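Here's the structure we're looking at; comments come further down.
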């Protein structure tokens, strides 16, 4: 056979060998590409949870949005990695959404808690303006009457109820409500709050105003926030056997913290997370670099330590879509689609051999090679395989056959026109190529648009389908034209070629 | 030798009827939008024992979800569609759960009444979402059509009037889309089949596939026009169709085998997706041969203006009288 054909044939055999080894060996490690172990399966095939969040950009200038979304995505990635989920897939979608896929995660409430909260840490101290409740209020009320409403201003944060030292085991911390004042009626001394009270409060219970705890750095007054944290971790206290979140300040943070704690000895320091007062321990001594937050259960402490150590999210997130797929449903679907795939493949092969005989058999063989190549690419890229992806794969097998059919019909015509076997084959392939090229390009255009559509619609499923179809069709063009042709060119040199009838349907 | 071209009016009639059924369904039923386009929660539950749908509906109503739409998918399997379920409420200080997620409460209540069950799938979409999706889908189809229009015009640039080829191809595509959408509107109205993101994916795939098919016929027309310059357009197209028929049928058959396998054996989640693809590919093949190519002739012979003129004289008569 021609020298070039021989080279191509060898090349193909090498590729097939490579593909087979990639597919047969589960865990592989290649240079440049890295480690791969097993095929990457989508959520609908292995079970797990998909969460989609939308970012609230209302106060943020449009120039900063993309940057903030990217930063948010990175922080979420760190949080989830620290939490220990294997192989999460976190992507930004469209211009304001983040999609989080957590395979195999069953505790989705935990995951949502971990991810959805901004985790903005602030510190409050008691500001001037201690007052008391003058009229009994019940849980669910949104107003409270005090002695002197003039002590307060709208926007102030107040606590209503006695504050207990959380180190006191017997203390019942569920005695205080922390709220923001939205309106003040000076005449009736009524304060309107931003949300309804959780508890009842009797006459005489203290109403305390809190302000952001701040210190001075280089002459400038700065409030102490979570941005100064160097790190946070969860620890078990040996005396009480309870979990605490231990945090460490960086240089400036330590300076502020020591100023504040120095000032507040004997008074409570409010620790506020996402505008909720979670703890207000009484300061015992001036502390510089470290501190602890106690009073949380193990899961809460773990989450908080992760949220603090990864930093606050630069935007507020709202959960807009949540989907959980049970692992057994996933395995079931995978199983069924594999069977369907094999059945389809067998039917197609049978048809090819029956109708096109030797050409058909060769094309069938090329099809198997095609499947191997495509799966290898999926494993190496890696492309996450979903149910829709498998559908795309099977669809592209149909299209792969199409290219072969085009070639063979042409060859048939050339043979009928009276050409010899070899020239008929060559002419057939040449004539069919424009059809194959043009018709597949239209499919490519559709794939690109589908991919864009999937991104806009935050559907990883649609994007996966588009990508799979694109790869499938591209590889099918390659195998149908180059592989089948090489085989045909090789086989006509064998005695089989003399029985032309075998080649003509 | 079969004459495809001569009978073209029959094909148009058939297509018109098909599309009419679809349009009527659309007007009568509208499209049944799935959960991704509206908001709410869908749960797939598998009970160990047989459960009566009426009892399940009753229980859901007791749990505060009289609006629940319940579909039986198997002996003890149901798909329950409700408005958005409430999430978990935790005590912000202790992290303890005050109210478990509504999903959990419903599961427990159902378990108590109907025995052991398994929640296979939960999908919740908040009302924040359901918006421009329909618009995006239409835009996607439009962009695809334009892209294809441009590409075909360029690919067949050496032919006379390539733009016509492109337009006829796009008309064939739109025809296919209308048929698929129409049939699903009908199914939605009669059987409650829903439209989801995968359906739109199927429609877009059909767009790509339909053009794929049409181009193969066009390619042959291009070749024949160059080779046999003496023939009329009708003869050329007829010959081209005959020559490519074998190939068209074979390709469609192999693709249909593949999809049929998935339709019959694949999981329930892609069932209707496969159906949409199946219908789309069949019409795609049909439209390449019976619509796109025929339209070229209709255009060339100016049959539409002639048709209109035949209708007009009646109006003129009325005026005179």
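The values are calculated or read from the model by the stated rules, or taken from the named source; none is laboratory data. Keep in mind that what you see is a predicted model, and the values were worked out from it rather than measured. Please note: Cβ atoms are built from the backbone with ideal geometry, for glycine as well, and neighbour counts cover all protein chains shown.
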Segment A:267-286 - residue that is more than 29 Å from the chain's Cα centre (by Cα), within 18 Å of residue A:209 (Cβ to Cβ) and within 12 Å of chain B (Cβ to nearest Cβ) and, of those, surrounded by the most Cβ atoms within 10 Å (Cβ to Cβ):
A:280
Scan segment A:357-375 and tell me whether some residue there is free of Cβ contacts under 8 Å to residues at least 12 places away in the same chain, in the same structural domain as residue A:474 (by TED's automatic domain parsing) and closer than 28 Å to residue B:157 by Cα.
no
Flag if residue A:312 is part of a loop (DSSP other than H, G, I, E, B), away from chain B (no Cβ under 14 Å) and in contact with a helix residue (DSSP H, G or I) (Cβ under 7 Å, 6 or more places away or on another chain):
yes
Among the residues of segment A:335-352, write down those that are more than 9 Å from chain B (Cβ to nearest Cβ) and buried (at least 16 other Cβ atoms within 10 Å of the Cβ).
A:349
Determine if segment A:327-334 includes at least one residue that is within 13 Å of chain B (Cβ to nearest Cβ), touching a strand residue (DSSP E or B) at 6+ places or on another chain (Cβ under 9 Å) and not in a helix (DSSP H, G or I).
no
Please go through segment A:1-20 and give me each residue that is at pLDDT below 80 and exposed (fewer than 13 other Cβ atoms within 10 Å of the Cβ), ordered by number.
A:2, A:3, A:4
Criterion first (in contact with a strand residue (DSSP E or B) (Cβ under 9 Å, 6 or more places away or on another chain), assigned by TED's automatic domain parsing to the domain that holds residue A:489, farther than 30 Å from residue A:245 by Cα and surrounded by 22 or more Cβ atoms within 10 Å (Cβ to Cβ)) does residue A:386 satisfy it?
yes
Filter segment B:260-272 down to the residues that are touching a residue at least 12 places away in the same chain (Cβ under 8 Å) and more than 7 Å from chain A (Cβ to nearest Cβ), then identify the one that is nearest to residue B:194 (Cα to Cα).
B:272
Please specify each residue of segment A:441-454 satisfying the condition of being over 12 Å from residue B:201 (Cβ atoms) and within 7 Å of chain B (Cβ to nearest Cβ).
A:441, A:442, A:443, A:445
Exactly one of these conditions fails for residue B:158: (1) in a loop (DSSP other than H, G, I, E, B); (2) touching a helix residue (DSSP H, G or I) at 6+ places or on another chain (Cβ under 6 Å). Give me its number.
(2)
Of all residues in segment A:440-454 being in contact with a helix residue (DSSP H, G or I) (Cβ under 6 Å, 6 or more places away or on another chain) and touching a residue at least 24 places away in the same chain (Cβ under 8 Å), the one that is farthest from residue A:93 (Cα to Cα):
A:440
Please state which one of A:91, A:101, A:82 is outside the structural domain of residue A:193 (by TED's automatic domain parsing), over 30 Å from residue A:260 (Cβ atoms) and surrounded by fewer than 18 Cβ atoms within 10 Å (Cβ to Cβ).
A:91
Cross-chain or 6+ apart pairs with Cβ under 8 Å, segment B:238-249 first and free of Cβ contacts under 8 Å to residues at least 24 places away in the same chain, then surrounded by 21 or more Cβ atoms within 10 Å (Cβ to Cβ)
B:243/B:220; B:246/A:409
Every residue from segment B:155-185 that is at pLDDT below 85 and at the interface with another protein chain (Cβ under 10 Å from one of its Cβ atoms)
B:155, B:156
Given B:223, B:234, which one is more than 7 Å from chain A (Cβ to nearest Cβ) and either at pLDDT below 80 or outside any helix (DSSP H, G or I) (or both)?
B:234
Test residue A:260 against the stated conditions and say whether it is assigned to a helix (DSSP H, G or I) and surrounded by 16 or more Cβ atoms within 10 Å (Cβ to Cβ).
yes
